[in-house]
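Have a look at the structure below, then the notes.
The values are calculated or read from the model by the stated rules, or taken from the named source; none is laboratory data. Please read all numbers here as calculations on a predicted model, not as lab measurements. So basically every Cβ, Gly included, is an ideal-geometry build from the backbone, and we count neighbours across all protein chains shown.
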Amino acid sequence: MRQVMDLEKKTLRNMVIALIALVVITPLGLLATGDAFGEWGLGDLMDKVGYAPSGMQDLSSAWSAPMPDYALPGAEGATGASAAYILSAVIGVALCMGILYFLGKKIAVKDDLQE
């Protein structure tokens, strides 16, 4: 049983290290040219395809990004952009981990009640 626990701890540690490495290298996306696939606004889509679906046109004003273009207000230059990218990655990871944690807890409680 102890070997299983040690293996689980090592696996979790390795996953956390890999996740941290991915968050840290997130600003490498700033070196790429062009747009990221699927991150097009209404105008970008019109330029690329020539039209925009009516549903997208109707809903385009309903949502505005909390950090448009991954930019922090007042943070200029490469350092500010890198900080904004890393902050976006950390927020995304935290949201995903929180959702998965609560779903796991809910499933575990459900399994305990069925036994």
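The table below lists the values:
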quantity	calculated
Selection count where residues are free of Cβ contacts under 8 Å to residues at least 12 places away in the same chain and exposed (fewer than 13 other Cβ atoms within 10 Å of the Cβ), scope the range 66-93	10
Residues of the range 57-75 satisfying the condition of being within 30 Å of L22 (Cβ to Cβ) and within 22 Å of the chain's Cα centre (by Cα)	W63, S64, A65, P66, M67, P68, D69, Y70, A71, L72, P73, A75
Those residues of the range 25-45 which are within 20 Å of L87 (Cα to Cα) and either modelled with pLDDT under 85 or touching a helix residue (DSSP H, G or I) at 6+ places or on another chain (Cβ under 7 Å) (or both), in sequence order	T26, P27, L28, G29, L30, L31, A32, D35, A36, E39
Enumeration of residues in the range 21-38 that are surrounded by 10 or more Cβ atoms within 10 Å (Cβ to Cβ) and in a loop (DSSP other than H, G, I, E, B)	I25, D35
Number of positions in the range 52-77 that are in a loop (DSSP other than H, G, I, E, B), touching a Leu at 6+ places or on another chain (Cβ under 8 Å) and farther than 22 Å from G92 by Cβ	2
